[in-house]
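Before any comments, here is the structure.
The values are calculated or read from the model by the stated rules, or taken from the named source; none is laboratory data. Bear in mind that the values here come from a model prediction, so they are computed numbers and not experimental data. A quick note on method: Cβ atoms are made from the backbone with ideal geometry, for glycine too, and the neighbour counts reach across all protein chains shown. Ligands, DNA and RNA are stripped out before the accessible areas are found, and what is left, the full protein with its side chains, is counted by its heavy atoms. Shrake-Rupley method; radii C 1.70, N 1.55, O 1.52, S 1.80 Å.
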Amino acid sequence: MIRLEKVSKIYRTRRGDVRALDKVSLDIKEGEFLAVRGPSGSGKTTLLFSIGGMLCPTEGNVIVSNRNLYAISKSQRAKFRAVNIGFIFQMFQLVPYLNTVENVLLAARVGTKCFGPEDAKSLLNRLKLSDRMYHRPSELSAGERQRTAMARAMLKRPGIILADEPTGNLDPENVEKILRHLVEYNQNGGTVILVSHRKEVDNYASHVIHLKDGHIQEYE
Amino acid sequence: MTVFQLIFREIIKRKLNFTLSLLAVVITVSIFVSFFTTGQASKNETIRLMRDIGFNLRIIPKKTDMAEFWKTGFSDYTMPESHVYKLASFKGLSYAHLTAVLQRRVIWKDMDVILAGISPEVPSAGREKTPMFFSIKPGNVYIGFEVARRTGLKKGEETDILGSLFSIEKVLPESGSEDDIRIYAHLHDVQAILGEENRINEIKALHCLCIMKGSITDSITMLREQLLGVLPDAKVLLIRAIAIAREKQRYMAEKYFAFIIPFLVVVCMAWIGILALINVRERRREIGIMRAVGYGSGRIAALFLGKAVLIGLIAAAVGYGIGTWLALEFGPDIFRVTANMIIPEIKIFYWCLIAAPLFCALSVFIPAMIAVTQDPAVALREK
Ligand SMILES: Nc1ncnc2c1ncn2[C@@H]1O[C@H](COP(=O)(O)OP(=O)(O)O)[C@@H](O)[C@H]1O
Ligand SMILES: [Mg+2]
C-alpha cells in the first residue's frame with residue numbers, strides 16, 4: 001500500500017547539508033500497524049511527512065495507494081491527503097479559535113465526501129469528549145486536545161493514519177487511551193504508522209522499524 | 001468549516017489586526033467619498049452653477065450714465081433702499097454677502113471726500129458668514145488714511161460732518177486708492193445728513209450663485225432679465241474677476257485631490273499589506289495544519305483574500321456613510337461656492353463597493369502568496 005523506493009531527504013542549510021533520510025526503502029501493507037522508533041534527530045518526522053505528501057524527498061519515490069506522490073501536482077497531492085491521510089502530531093496542532101467540533105470539522109468539506117457536525121459529534125462521543133464539544137483548545141487538557149486531534153484525523157476514515165509522537169506530551173493514562181484508539185482504528189482496517197521513542201508501543205505494533213541517522217537499522 | 005466560517009472565527013480571535021485594517025480602509029474611503037461628493041457638486045451636468053463658481057454683482061439705478069459712473073465710482077442717481085430686500089428674497093439667486101450703499105462726493109474741511117453709507121450685511125439664508133463689508137455702528141465713522149492725515153483727526157475723537165456729530169471708530173490704513181479719501185458711516189446716518197432718506201445708489205452682492213441651465217451667456221442674460229423683473233429701475237453689472245479667482249481655486253483643489261487620493265490609497269494599501277503580512281506570520285502554524293488536513297492553495301489564499309474583500313466591503317459601506325456625512329456637514333463651509341449642490345452621490349457608493357474590496361485584495365496579494373508558498377512541514381515542526 002505504501003512503498004518507499006530509496007528515499008533520501010537532504011535539508012540544505014547555511015551551515016551545511018543535513019541528510020535526514022538516506023536511501024530508505026520500505027514496504028507497508030494495508031492494515032499494518034507500523035511503529036517507527038529511533039532517537040531524536042534520526043529522521044522519523046521527515047519519514048512521516050514524506051509519506052504524508054508534505055515533504056518532497058530529494059531523491060527516490062514515495063508510492064501510496066499506487067500513486068507516485070511527488071510525481072503528481074501539489075493540488076492533487078493536497079486532495080489525496082484530504083481523502084486518504086490523517087495526521088496526528090505531538091503538539092496536537094489544533095486551531096486555537098475553533099472549538100472542539102469545529103476543529104474536527106476543519107477538513108470536513110475538503111475532498112469528495114462531505115462530513116457534518118453529526119459525524120463529528122458521534123466520533124467525539126466515542127472518544128469521550130461529549131462534554132467538551134464547544135470548548136476551545138486552550139480550555140482542554142492535554143489528553144483532551146490529543147483526542148480532539150485524533151478525531152480530526154479519523155473523521156473522514158482515511159486509509160492511513162500518520163501519528164508523530166502523539167503520546168509525547170501525555171501522562172501514562174492518556175498514552176494508554178490514545179494507543180488503544182489507534183489499535184482500534186487499525187483493527188477496523190486502517191493502516192497506522194506511529195512514530196514514538198517509547199519501547200512499549202512495540203506491543204501494539206505489527207511491525208517495528210528502528211531509524212538511526214536516516215537509515216533503517218532494524219526491521220521486526 | 002467553510003472558508004467564510006474560518007475567516008469569521010479568525011477575525012473574532014484577532015480583532016486588533018482586523019480593526020486596524022478596517023480603520024485604514026474606512027478612512028481612505030471616507031476621505032475619497034467626501035472629496036468626491038463635494039467636488040462632484042460643482043460638476044453636476046444638468047443643473048449648473050455659473051461657471052461652477054461665484055460672481056459679484058453691482059446693481060445701480062438704471063438711469064446712471066456709465067461714463068460718469070466709472071469715473072466717480074458711484075451713480076448720481078438713487079433707488080429705494082427696499083430694493084436690497086427684494087433682491088435678498090429673490091429665489092433665483094443666492095449670495096454670500098449683500099449690502100446697500102449710498103455714496104456722495106462732499107466738500108468737508110476744505111477737502112473733496114467721498115461720504116459712503118453702508119448698511120449692515122443682509123444675512124443670507126443658510127450659514128453664518130464672516131462679513132466682508134464694514135459694519136459700522138450708527139453715530140460712528142471710519143475715516144480714510146488721507147482724510148486723517150489732512151485733518152489730523154485721530155481714533156476716538158469726535159467730529160462734525162455736515163451738521164451731525166460722529167465719533168471716529170477707526171482710521172483706515174493707507175490703501176493707495178480712492179478709499180483713502182472716503183469716510184464710511186452707517187447707511188442711515190449718511191442718508192440723514194444728505195437728506196436722502198431710504199435712498200441708495202448701489203447694491204453690492206458678492207459671491208453670488210444662480211442655478212441655471214444651458215450655456216453661461218444665455219444664463220446671464222436670463223438672470224439679468226429676471227432681476228429686472230424684480231427691480232425694474234435698476235441695472236446689473238457683473239464682475240467676473242472673482243469668477244476667475246474662484247475657478248483657479250477650484251482647479252487647485254482638484255489638483256490637490258488628484259495628488260492626495262493616490263497617495264492615500266498607496267499608504268492604505270501598504271498599511272493593510274503589512275498587517276496582512278503580520279497576520280500571515282501569526283498564522284504559520286494554522287496554515288500548516290490546514291495543509292496537513294488537505295487544504296489546497298486556493299483555499300489558503302481565499303482565507304486571506306476573502307478577509308480582505310470583507311474588509312473592503314465593510315469599509316466601503318461605512319466609509320461611504322462617513323464620507324457623505326462629512327461632505328454634507330463640512331462641505332458647505334469649505335466649498336462655499338457650490339454649497340447648495342452638495343448631495344449624496346449614490347453612484348460613488350457602487351464604485352466604492354467594487355473598488356475597495358478590489359484594492360484590499362490587491363494589497364494582501366503578496367502576503368496571501370507567502371501564505372500559500374509557506375512550507376507546512378517547517379511550520380508544523382515549530383514548537
Ligand atoms: N527544516 C529543516 N532544516 C534543516 N534541518 C532539518 C529540518 N528539519 C529537520 N532537520 C534535521 O533533520 C534531521 C532529522 O529530523 P527529524 O526528521 O525531525 O527527526 P526526528 O523526528 O527523528 O527527531 C535532524 O537532524 C534535524 O535537525
Ligand atoms: Mg520528530
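Within the stretch A:177-204, which residues are over 13 Å from A:Gly38 (Cβ atoms) and open to solvent by 20 Å² or more (accessible area, probe 1.4 Å)?
Result: A:Lys177, A:Arg180, A:His181, A:Val183, A:Glu184, A:Asn186, A:Gln187, A:Asn188, A:Gly189, A:Glu200, A:Asn203, A:Tyr204.
List every residue pair whose Cβ atoms lie under 6 Å apart, where the two residues are 6 or more positions apart in sequence or sit on different chains, the first residue falls within the stretch A:43-56 and is under 12 Å from B:Leu380 (Cα atoms) and within 10 Å of chain B (Cβ to nearest Cβ), and the second residue, located anywhere, is assigned to a helix (DSSP H, G or I) and within 9 Å of ligand 1 (Cβ to nearest atom).
A:Phe49/B:Ala377; A:Met54/B:Ala377; A:Leu55/A:Phe49; A:Leu55/B:Ala377
Hey, can you tell me all the residues within the stretch A:30-66 that are of a type in the set (S, T, N, Q), modelled with pLDDT under 95 and more than 9 Å from ligand 1 (Cβ to nearest atom)?
A:Ser65, A:Asn66, listed by residue number.
Take the residues in the stretch A:144-176 that are at pLDDT below 95 and open to solvent by 60 Å² or more (accessible area, probe 1.4 Å), then tell me which one is nearest to the chain's Cα centre (by Cα).
A:Arg157
Inspect all residues belonging to the stretch A:60-69 and state whether any of them is within 16 Å of ligand 2 (Cβ to nearest atom), within 29 Å of A:Val110 (Cα to Cα) and within 14 Å of chain B (Cβ to nearest Cβ).
no
Would the stretch B:323-337 turn up any residue that is within 12 Å of another protein chain (Cβ to nearest Cβ), small (Gly, Ala, Ser) and open to solvent by less than 50 Å² (accessible area, probe 1.4 Å)?
no
I need a count of the residues in the stretch A:36-59 that are hydroxyl-bearing (Ser, Thr, Tyr) and within 9 Å of ligand 2 (Cβ to nearest atom).
Final tally of qualifying residues: 4.
Name, by its number, the condition in (1) surrounded by fewer than 21 Cβ atoms within 10 Å (Cβ to Cβ); (2) more than 11 Å from chain B (Cβ to nearest Cβ); (3) among the small types (Gly, Ala, Ser) that does not hold for A:Ser75.
(2)
Checking B:Gly176 against (1) part of a strand (DSSP E or B); (2) open to solvent by 30 Å² or more (accessible area, probe 1.4 Å), only one condition comes out false. Which one?
Every condition holds for B:Gly176 apart from (1).
Among the numbered conditions (1) more than 30 Å from A:Gln93 (Cα to Cα); (2) at pLDDT 95 or above; (3) in contact with a Phe, Trp or Tyr (Cβ under 9 Å, 6 or more places away or on another chain), tell me where B:Ile348 comes up short.
Looking at each condition in turn, B:Ile348 falls short on (2).
Taking the condition of being in contact (Cβ under 8 Å) with a residue 12 or more places away in the chain and more than 16 Å from B:Leu187 (Cβ to Cβ), how many residues in the stretch B:87-124 meet it?
Looking only at that region, the number is 13.
I'd like to verify a number: residues in the stretch A:12-47 that are assigned to a strand (DSSP E or B) and either surrounded by 15 or more Cβ atoms within 10 Å (Cβ to Cβ) or at positive phi (or both), how many?
14
Testing A:Phe87 on (1) at positive phi; (2) within 9 Å of chain B (Cβ to nearest Cβ), one condition comes back false. Which one is that?
Failed condition: (1).
Does A:Asn99 qualify as being more than 8 Å from every other protein chain (Cβ to nearest Cβ) and buried (at least 22 other Cβ atoms within 10 Å of the Cβ)?
In short, no.
Within the stretch B:71-99, track down each residue that is more than 19 Å from B:Glu225 (Cα to Cα) and within 26 Å of the chain's Cα centre (by Cα).
Hits for the stretch B:71-99 are B:Ala96, B:His97, B:Leu98, B:Thr99.
Could you list, ordered by first residue, the pairs with Cβ atoms under 9 Å in which the first is in the stretch A:77-103 and of a type in the set (D, E, K, R) and the second is within 16 Å of ligand 2 (Cβ to nearest atom), at least 6 apart or interchain?
So the pair list comes out as A:Arg77/A:Met54; A:Arg81/A:Gly52; A:Arg81/A:Met54; A:Arg81/A:Phe87; A:Arg81/B:Ala292.
Considering only the stretch A:111-138, state which residues are within 14 Å of chain B (Cβ to nearest Cβ) and either open to solvent by 10 Å² or more (accessible area, probe 1.4 Å) or at positive phi (or both).
Of everything in the stretch A:111-138, those that are within 14 Å of chain B (Cβ to nearest Cβ) and either open to solvent by 10 Å² or more (accessible area, probe 1.4 Å) or at positive phi (or both) turn out to be A:Gly111, A:Thr112, A:Lys113, A:Cys114, A:Phe115, A:Gly116, A:Pro117, A:Asp119, A:Tyr134, A:Arg136, A:Pro137, A:Ser138.
Is it the case, given these coordinates, that A:Val101 is more than 16 Å from ligand 1 (Cβ to nearest atom) and part of a helix (DSSP H, G or I)?
yes
Run B:Leu93 past the list (1) open to solvent by less than 20 Å² (accessible area, probe 1.4 Å); (2) in contact with a Lys or Arg (Cβ under 6 Å, 6 or more places away or on another chain) and report the number of the one that doesn't hold.
Every condition holds for B:Leu93 apart from (2).
Condition first: within 14 Å of chain A (Cβ to nearest Cβ) and closer than 18 Å to B:Ser21 by Cβ. Now tell me which residues in the stretch B:287-315 satisfy that.
Passing the criteria: B:Ala301, B:Ala302, B:Leu303, B:Lys307.
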